[in-house]
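These notes are about the structure you will find just below.
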Amino acid sequence: MLLFVALDLGRAAFIWVMLGRDAETAARLDSLPDNRASDCSAVKAVVTAGNGLTVTVDNNSIIDNTASGWTAPATLPANTGALYIYPAQAIAAPPASNCVNSNPSANSPERLPSSAVTAQVNYDFQPWTPIASLLFSSITLSASATEETQY
């Protein structure tokens, strides 16, 4: 029993590290000069790679969203994650499938030099061990990264 609980703890630690890598990747890509008006490269890098995790894009991570933080959706599927970028430059939900923005709107201008971009990845972790599942039916793991723009 202890072995299976240790496996769940190891799995949770692995997922948390991979979430950090996904957040760093998204923030780094969005801080580069070519991406000041678009989140497309960051979105595609995280959604397609995901570092072995199923990660989608949060529906609130769209252009003109004025929220400065991620709010948990009512139904985040078990053992999946969501990427939230602020300030977002993707145009529609879900951004991964129609991420073509190259012209920012008046309400959400291009990222300026010396501004920050934040990427946050949240994951609904559910343990595999039956006893751990009874104690913790769902745990939200979160990692974020902030980068200054590079131009």
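Where a number appears in this text, it was derived from the coordinates with a stated rule and is not lab data. Nothing here was measured: the structure is a model prediction, and the numbers come from that model. Glycine gets a Cβ as well: all are built from the backbone with ideal geometry, and neighbour counts include every protein chain shown.
Among 34-44, 9-19, the peptide with the highest mean count of other Cβ atoms within 10 Å heads the list, and the full ranking is 34-44, 9-19. The modelled label-to-label distance between Leu32 and Gln150, using points 7 Å beyond Cα along the C-beta direction, is 0.6 nm.
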